[in-house]
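Notes to accompany the following structure.
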Amino acid sequence: MGKNPGNLWKSECKFVAGASSIAQIPDSFCLNEIAFVGRSNVGKSSLLNSLVEQNCARVSKQPGRTQQINFFSLANKIMLVDLPGYGYAAVSKQTRQVWDNLILHYLTTRKNLKRVFLLIDVRRGIKDNDLEVIQLLDSIGLVYQFVLTKIDKVKNYQEVSESIREVATSHPSAYPEIICTSSEKGTGISFLKSEIIELC
């Protein structure tokens, strides 16, 4: 394939652009894009930082801190896209609608978007607003892959993984392989990296 995974993950991850409104979303880059989406406080920023081994995404214990779409270029080989978390109740209905519209526009218009990693907190499982995202991705035929986060927090994550695998088999756009991760322990990060390498 001519790809050197070691060099890619040792490269600088650069913040390229941020968009808090549809008008601010930049035109498509020449790089393939990988998007990360999930409920607020699912551990998205921690996962991104573990992947690139740098503190590029802001981590906060307060849900809803990612309030815009953030674009990060990794070694000028691939664009990592951090989408705002959804389902955060402690903001106004109007603000949630702005975030939802922003995510929807990005997912439905981005030509270079190759895969969406849909993060699920292993302690929470799939919730109604996760199902809404799943239905959207199915409807537009965009390939997505489930990533379980925070598996170090529970003992039965394999059971949750199996239940989500069953969900994946019934959805046409879902990638069948479930990735189980812990940003704190580093579990599953290498496997996620290998999946991303294939999409460069």
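Tabulated data for the structure shown
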| quantity | calculated |
| --- | --- |
| In Å², nearest 10: area of Tyr157 left accessible to a 1.4 Å probe | 60 Å² |
| Nitroxide proxy distance, nm - points 7 Å out along Cα→Cβ at Glu166 and Ser21 | 4.6 nm |
| Charge context of Val133, other residues only, Cβ under 11 angstrom, K/R +1, D/E -1 | -3 |
| Computed [θ] at 222 nm, deg cm²/dmol, the chain (DSSP H ≥ 4; -39,500 (n - 2.57); rounded to nearest 500) | -10000 deg cm²/dmol |
| Accessible surface of region 5-159, 1.4 Å probe, proportion on carbon and sulfur as whole % | 45 percent |
| Per-residue ³J(HN,Hα) for region 29-39, Karplus 6.51 cos²θ - 1.76 cosθ + 1.60, θ = phi - 60°, Hz, x for Gly and Pro | 7, 7, 9, 5, 10, 10, 10, 10, 9, x, 4 |
| Filter on Lys14/Lys193; Lys114/Lys153; Lys127/Lys185; Lys153/Lys193; Lys44/Lys93; Lys111/Lys150 - keep pairs with C-alpha separation over 20 Å | Lys114/Lys153; Lys127/Lys185; Lys153/Lys193; Lys44/Lys93; Lys111/Lys150 |
| Contour excess over end-to-end distance, with Cα ends at Leu104 and Gln54 and 0.36 nm allotted per residue | 15.2 nm |
| Solvent exposure, largest accessible area first (probe 1.4 Å, DNA, RNA and ligands not counted), of Thr108, Thr149 | Thr108, Thr149 |
| Cα principal axis extents for region 36-180, largest first, Å | 38, 33, 32 |
| Nitroxide proxy distance, nm - points 7 Å out along Cα→Cβ at Ile140 and Glu159 | 3.6 nm |
| Solvent-accessible ranking of His105, His171, largest area first, probe 1.4 Å | His105, His171 |
| Total formal charge among the other residues, if their Cβ is under 9 angstrom from that of Phe71, Lys/Arg +1 and Asp/Glu -1 | -2 |
| Average accessible area per residue (Å²) across the chain - probe 1.4 Å, nucleic acids and ligands excluded | 49 Å² |
| Arg165 accessible area, assembled protein chains, probe 1.4 Å, Å² | 70 Å² |
| Relative contact order for the chain, counting Cα pairs under 8 Å that sit 6 or more residues apart, in percent | 23 percent |
| Length gained when the stretch Glu195-Gln67 is fully extended (0.36 nm per residue, less Cα-Cα span) | 43.4 nm |
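The values are calculated or read from the model by the stated rules, or taken from the named source; none is laboratory data. All values derive from a computational prediction rather than experimental measurement. Here Cβ is always computed from backbone atoms with ideal geometry, including for glycine, and neighbour counts include all displayed protein chains. Surface areas here come from the heavy atoms of the whole protein model, side chains and all, with no ligands, DNA or RNA. Shrake-Rupley method; radii C 1.70, N 1.55, O 1.52, S 1.80 Å.
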